[in-house]
Structures are given as C-alpha cells and as structure tokens.
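Rule-based calculations on the coordinates, nothing more; no lab input. What you see is a predicted model, and the numbers here were worked out from it, not measured in a lab. Ideal geometry is used to build each Cβ from the backbone, glycine not excepted, and the neighbour counts take in all protein chains shown.
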Amino acid sequence: MNSTIRIFASVCLLLAFATQMLPQTPQKDSAKSDSTPSPPPGPGGTSSPNANPFPSTYKPFPSRTTLIRNVTIMTAAGPSIANGSVLLRDGKIAAVGTSIAAPADAVVIDGTGKYVTPGIIDVHSHIGDYPAPGVDANSDGNEATNPVTANVWAEHSVWPQDPQFPRALAGGVTTMQILPGSANLIGGRSVVVKVVPSRTVQGMKFPGAKYGLKMACGENPKRVYAQRGPSTRMGNVAGYRAAWIQAEAYRRKWDAWNLSHKGDPPTRDLGLETLAEVLRGNILVHNHCYRADEMAQMIDIANEFGYKIRAFHHTVEGYKIADLLKANGIGAAEWADWGGFKMEANDSIKANLAITDAVGARTMIHSDSALGAQRLNQEVAKAMYAGRAAGINVTEDQAIKWLTFNPAWALGLDDKIGSIEVGKNADVVLWSGNPFSIYSKPERVWIDGALMFDRSDPKEKWRTDFELGTVKEDN
Amino acid sequence: MRKLFLSIALLIILATTALSQTIAITGGKVYPVTRPPIANGTVLIRDGVIVAVGANVNVPASAQRIDATGKIVTPGLINSITTVGLVEIGQVRETNDAAAKGNNNIAAAFKVWDGLNPASSVFAPTRAEGVTTVIITPRGGLVSGQAAAIDLANGQRSDGIRRSPVAMIAQIDDSQSAGTNSRGELMGKLRALFDDVKFYMAHRLDYDRAATKALSAPAADLEALIPVVQGRMPIMIDADRVDEIDAALALARDYNLKLMISGGAEAWLAADRLAAAHVPVLTGAMNNIPDSFARLNQRQETAAMLRRAGVQVVLVGNGDGDEARFNARNIKYEAGNAVAYGMNYDDALRAVTLTPAEVFGLSDRVG
C-alpha cells in the first residue's frame, strides 16, 4: 500500500502546521529588569516582575469564508433556528439567521438534516498531562510531593503530541481547560488551550484566557498524604487556610511595594504569587469537590479570605446544595452518571445537572476523561433525559448550554466562545444529526473559522508524532 | 433514535416477582432478536416465562395488560463483564470481592459468586436501565477464577444465580499481574499449567499418594481446570495486542480450549483468524485511544468489523472502569455507539442479548 506516502503526507501536513506557527512576532520582553514601574495586572500577576512568562503564540489556522445553510442551529444563546444559516468570516461568526446570501468567495455547505452547535468546551481535562499511552514516563498530572503545590503550572506538563487531542477535536471539543490532578489540596495552575496541532503548548494556549487554580476536597489529598498529613478532612481544611493566610500576607507585601517601589522588591515565591493572584481576582478557582457539606465549607473558606470559587468540579452532590451554589454565583461542573467509585461519590444521581440547573446554579457537563471528552454531547443527552424522567422539563435549548455556553462562562470566556452569535469566535461543529442522538457524530469542526476536522477527508486527519509509524493509518 | 433507545420499555421479567401472574405487553414494537421485529406486537408472560410472542396473540382476560404503544420491547439486556454485587464501592476495600489471592497468581478454584452480595445497591439502578442479567467475572492474576451468570434479583444469593460456572477467566496481556516478567514467560507459565492439568488427570492416584513431580498449582485449581482442557467449560482470555490474540488462538488449538477473547483492542487485525476458529470476542465500541502499548490500534469500529468478518461479538464496556460496576447499567450505550461506528442495529441488539446468552450457555432462558 501507499502507507509510506501517506505517512509522508501526514508529516508534510504537520510541517505545514508547524511553519504556520513559525513567524511569531517576538513577544514584548515585559521587563526582565526589576525596575519596571508597574507591571500590568493579569495572568502571572502584579506580584511578579513578569506577568506572562509563557505567552500564547497561538495564531488561527488559515480559514475561508464559509456559509453553512439549511441547517438546524443550536445557538446556546436562545431558541434553535430551523433551516438556518451561519456565516463564518475572518475567524468570527459574521451572520446567523434564516436566510443569508452567500458571499462570492464563500465555501457553501448544505446542512440539510444536520445540526450546528458551538464548539464544545471541556472545563476539566487532563489530556496532555496524562497522555496516551499511559506510561509512567508520561505521567505528569499530579505533583504529589506536597499537599500545596500552587507553584506548579499544568502547561509545563502538557505534551502537545498526546494522541488524545485529535480525538477530542473529532468529538467536537474546541477549547479545554487542562488541570493538575487532585492529589493536592492546592494542585497548581490550569491552562486553557485550543484543541489544535502545535509543536508547543504555547501554540495552543487560548490568547487572553485567565488561568485557573485547581483545588481539591476530600478523599484524594487525605489518602495521598495519609502518612505526613493531612490525613483527615479537618486536616485538609487547616491546610487550605494556612495557605491562604500566607497568600494574604504575601499579597499585602507586594501590593505595598508596587505602590511605593521603596527598597528591594520582596522575594518572589511562585506558589504565593499564584495564590495572591486568586485573591486579586485574576485567577479563577476550580475546586474538585464531591460532597455537599464539604462544598459548603469551601464556600466559607473562600468568604473568610475574600476570594471567589468560580466552579466546583465533579459536584456529585450538587443537587443537595444547588441553592447555595446559586446564591454564591458558583458554577457546577458535573458528570452525567459517574459515581460509586469511592465513598464521596456514592450519592450520585442522574438528575444532578437537571436539578442544579432548575434551581438556578450555572450548570455544565465536564469530562475528566479523554474518552468522555469525545462524547460530551452524549453525556449531556443522558443528563437531559434523566432530568425529564425526574419530572424536570429540560429543553434541548437549555441542555446545549451545559455543553458550550456555561463552560465558556466558567473559563471567563463567554464573551468570546460558547454560543453561535455574531461577533463570537467561529468555533463551530457541524453534526451529522441531532447532537443529542447517540448516532450523530461531528462531521466538521472549525476553530476561529479554520476547518480543523473533516470526517470525510481522512488524508487531512491530524495525527500526532507519536502515532506516526505506531498507530495504523486506517485506524 | 437515541430517544427511542432511552425510552425502551424496561420490562424486568424476574421469576421471583412474576410468579403466578399472567402479563401481556401489548402495542409495542417487539424485538424478539431471533426473528425480525414485530410492529404492534404482543408478548405474553405466564409464571415468569414468555409463552407467546407475535402480532396476533390471544390475551386472556385475567392477564395484567401493559400498554407499550409507541415503545420498544426487547429482551432484558445482558452485560457480560461485570463486578456487580462483587464491588459495591470501588475504593472501599472491604466491599471488594472480585479478586482472589490465589496461589502463584492462579486462582482457578475461585468461585466468584460465593462472594456475591445479593443485597447490592447496584442491582436496582442497573435493572432500571434494562439490564436483567450480568456475568460476574473475577479479576486479577493469570487465571482469575470462575465466572457466573446472575439475574439482577435482590433476595438470597441462590435466587439470582442463573448459571455457575459459565466460564474460566484468565488474562495474557499483563505479565506483571501473572507473576511473570514478560509475555513469553507468561505464556510458558500458562502452558505449563495446562500440561500439569493433563498430567494430573492421568496420574491422579499417584498425585494423591504424593508420588508425582511437583505441579504448578494445588489440586483444587487443577481440578477446576479439568473441564477447561476438556473443552467443556469456556475460557475467556483477556488479550489486546494482536499477537496476544494470536497466542491465545494457538493455545486454544494446542489444548482444545473453548476460547473466548475479552478486551480485544486489536482484534480487528485478527478478524479472519477469529472467525475461522469460531472464537467469540467480547469488546466495546467506546474506546479509540492508544492508551497502552498493547492497545495502540484500539478503535470504535472493532465490533462492526469483527461482525462483518463473521465473528460472534458480545458488546461489553471498555471505557473508564466503572462500566463494570456502578455503570454496568450503561451497556446500551456500547450498543448505540457500535451502531454509530458501523454495526447494524440488529447485530448490536443481539450483541447485548442473544449472543451473550448463547456463548455463556443461557439461551434456553434469557437473551
């Protein structure tokens, strides 16, 4: 067979991607010198001389003006549009409606019988830091050497050649948050990436996305640190509080120095720098937490130190405290039906998403799994039907928000992605049928208007370096 | 179609609850599996047994009628690799009864159903999703032990055991678990074990007098393996890499084993050999990740490709782990995804009903 040729073609494709990435404008060297007057706030922080030491080098892939018409559009911003059209131009959604004239230069796609949704956003992924194959040499998701490792950044573990990235893209995922694992009370910074081929993680980083901070409740930290502590839930809580006390002192010291610039700047501490940025509101807290009572305690800790929890993840008992989540403006990132694998996951119910949503908490699906990430539409469908079975009339227009818009909010990116609205990034999935059918699959996926996945064109399939010569071409 | 799949009339026909009753399910689309679907069909059940299926069934006046208009009626689903009732909560050690300590990583005498908890809280939610029978399978080691078929009836243990044993369970894709250091050593250990079973059968009296060479397993394990080497009891061997599958086929040829393959990540690359050897494969349709070096060519089309090649396919979970216990209820999603990746609808339904019933010797009563 011509497999050699095809491998070669794939390599060329990768090189094409690679060269696409090459001409980068040199990042402004944001002041390596300590004399910089006042560094801009934002990722990295005002307690740091360099607010953004690992800047995004992402550039959208080449795109063509594209009109998809005669298609059902689930906008995640309002009612679905039957027989609709959506125009993608210059990386943005340029028009949405029932009749849009095709610009002369547009690729026109007939979507009869098909559906369009926003690109799926997975707020809880370990793709890249727990890559496939799952060998020890690549196991980079948990810095399980100290219960508080606010100093680590997930992006420094992300392997862009993880074969799980292209598979997530083929499942319609266009943006994901990659988090450190849950061994630690405070696990470190997350990174938000676009699901695109790149030689470097910097080339995947979502420009302008805020960092997240991973925190974890309950069984995992106390199990991992049983010997040295914390070994109990009360030990866990003492651990969080001790870290925030340090962080608050650090923030005050740096904020004062940034005002006065008197004397030497305080000594930097990578972990406290991150925590101080949480206290300043520049980093979003994503808190792995199963049990209702523990979530209530985490909310009190956040109030004690004056930070906000953006979203609880896993939130298996979210349905028990949906009112608390709503009152505190905290998102609930949930599975459709995971449970029973440990004590704190024992009260899992399938109507969880429907209930937290009905009560008014910002509800979303999440995967925590490179398999689940490929079928988040099916997971939402399960949760939607489970809600209906429990007597909650979840509409498809509501459920689609669990898949796209609410996760965009959790990442602080709902002004850019998560819905089909004019002016938003053209992150779009064309489905073979209703995405809430188990038989439907993404046919094409665009990111920033560029066609990144086309099921009908296997030659253009994104294959990672690891797969070349290892995984069969026709697989 | 997903809606349809989710709204299947979940009719749990359990002997314990249906005794002395006549029930007629009418008006639904009936999938007998053994023959084409019947629109507006009737299923008549008496004393826990299906007594009539068809478009024109006389329903006795005394029968309890269940109107299935607009719904689908299927046999109860079978999930063929589970630890339902053996593992209540994965990470709570004292609720785990799926793995024997064994002897030198061999636990052939281990009857996994002796540890079944018939009060398991997992039964009811699994039933509620249409699963009426599960195979409970032992885990770990080289030879893990004996599996049984369980009806999901809470009650006394004996109420639920439909058939035991239904298969011997072994694995050849993890040499460490087998107490060896390489695949070659593992295969040698397995062959030596089967040789010893045959030796034991031929020299039982000498063995009892302690007048034989040392054998690689205690008498109880050798005894348990006799029906396996006689080809009477199936042996289900977990194998993923295509050469592991070929090694299992060679083993089966050499020892006349009634082989089934589970795992089967790369089974599509051996589809012709599996078909020729009439070896059923238990695999899933929801994993396409090269998540280990033995599963580099894992794909979602495997079940469909095997079926097309003429292999008997049983769909089981091959995803994130919980598909064997808490989410054993999700077996229908394997079938749905198998269809999405090329299997025809009737084959997918058969792969979670009649085919597992056939390969585990249950088709006289379920499937």
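Of the beta bridges DSSP finds with both residues in the protein assembly as shown, what % are antiparallel, to the nearest 5?
50
Among B:219, B:98, B:271, which one shows the highest mean-square fluctuation when chain B is modelled as a Gaussian network with alpha-carbon springs under 10 Å?
Per the Cα network of chain B with a 10 Å cutoff, B:219 tops the list.
Packing-wise, with mean Cβ within 10 Å as the measure, how do A:459-471, A:91-103 rank, highest first?
Peptide ranking by packing, descending: A:459-471, A:91-103.
Relative contact order for chain B: what percent, with Cα pairs under 8 Å and sequence separation of 6 or more?
14
In terms of the ratio Rg/(2.2 N^0.38 Å) built on C-alpha atoms, what value belongs to chain A?
That works out to 0.98 for chain A.
For the protein assembly as shown, what is the convex hull (Cα atoms) projected area averaged across all directions, in square nanometres?
It is 39.4 nm².
For the range B:222-367, state what percent of all Cα-Cα pairs lands in each successive 5 Å bin, counting from 0 Å until the bin that includes the largest distance.
2, 11, 19, 23, 21, 14, 8, 2, 0
Which value in deg cm²/dmol, rounded to the nearest 500, describes the helix-derived mean residue ellipticity at 222 nm for the protein assembly as shown, given -39,500 (n - 2.57) per DSSP H run of n ≥ 4 and division by the residue count?
That calculation yields -8000 deg cm²/dmol at 222 nm.
So between residue A:241 and residue A:64, what do we pick up on full extension, going 0.36 nm a residue minus the alpha carbon distance?
Computed gain between residue A:241 and residue A:64 is 58.6 nm.
Per residue of the range B:230-245, what does 6.51 cos²θ - 1.76 cosθ + 1.60 with θ = phi - 60° give for ³J(HN,Hα)? Whole Hz please, x for Gly and Pro, Karplus curve as stated.
8, x, 8, 9, x, 10, 9, 10, 7, 8, 10, 5, 4, 6, 5, 5
Please report A:107, B:313, B:279 as a ranked list, fewest other C-beta atoms within 10 angstrom at the top and most at the bottom.
Listed from fewest to most nearby Cβ atoms, that is A:107, B:279, B:313.
Based on other C-beta atoms within 10 Å, arrange A:453, A:54, B:293 from fewest to most.
B:293, A:54, A:453
Anyone know which of B:144, B:216, B:62 comes out most mobile in the 10 Å Cα GNM of chain B?
Highest fluctuation among the options: B:62.
Where the centroid of each part is defined by its Cα atoms, how far is the range A:251-267 from the range B:28-42 in Å?
78
Sort A:310, A:455 so the one with the fewest other Cβ atoms within 10 Å of its own Cβ comes first.
Ordered by Cβ neighbours within 10 Å, fewest first: A:455, A:310.
Return the aspartates and glutamates within reach of residue B:111: Cα separation strictly under 12 angstrom, same-chain partners fewer than 8 residues apart disregarded; answer none if there are no such residues.
B:97, B:221
Using 0.36 nm per residue, how much length does the chain from residue B:49 to residue B:164 gain when fully extended, once their Cα-Cα distance is taken away?
Roughly 39.3 nm would be gained on extension.
Quick one: Debye curve from the C-alpha atoms of the range A:192-336, no solvent, what's log10 I(q)/I(0) at q = 0.08, 0.10 Å⁻¹?
-0.28, -0.43
Among A:402-413, A:193-204, A:317-328, how do they line up by average Cβ neighbours within 10 Å per residue, starting with the highest?
Highest-to-lowest ranking by the protection proxy: A:402-413, A:193-204, A:317-328.
Could you compute Rg(Cα) / (2.2 N^0.38 Å) for the range B:77-359, with N its residue count?
Against the empirical 2.2 N^0.38 Å value, I get 0.97 for the range B:77-359.
Any idea what angle helix B:331-340 forms with the longest principal axis of chain B, computed on alpha-carbon atoms, 0 to 90 degrees, nearest 10?
Result, in degrees: 80.
Take every residue in peptide A:137-145, count the Cβ atoms of other chains within 10 Å of its Cβ, and give the average of those counts.
Neighbouring Cβ atoms belonging to other protein chains average 0 per residue here.
Using only the alpha-carbon atoms, how far is helix A:376-389 inclined from the longest principal axis of chain A? Give it as 0 to 90 degrees, nearest 10.
Here the helix axis deviates by roughly 80 degrees.
What whole number of Å gives the distance from the Cα centroid of the range B:203-233 to the Cα centroid of the range B:95-174?
Cα centroid of the range B:95-174 versus Cα centroid of the range B:203-233: 24 Å apart.
Could you name the lysines whose alpha carbon sits less than 19 Å from that of residue A:441, not counting residues in the same chain fewer than 8 places away?
A:114, A:382, A:401, A:459, A:461, B:3, B:332
Only Cα pairs within less than 10 Å get springs; with that Gaussian network setup on chain B, which residue of B:229, B:281, B:352 has the largest fluctuation?
Judging by the Gaussian network model, the answer is B:229.
Could you order peptides A:367-379, A:173-185 by the average number of other Cβ atoms within 10 Å of their residues, highest first?
The peptides rank, most packed first, as A:173-185, A:367-379.
Alpha carbon centre of the range A:290-317 versus the range B:268-295: separation in Å?
Centre-to-centre (Cα) distance: 44 Å.
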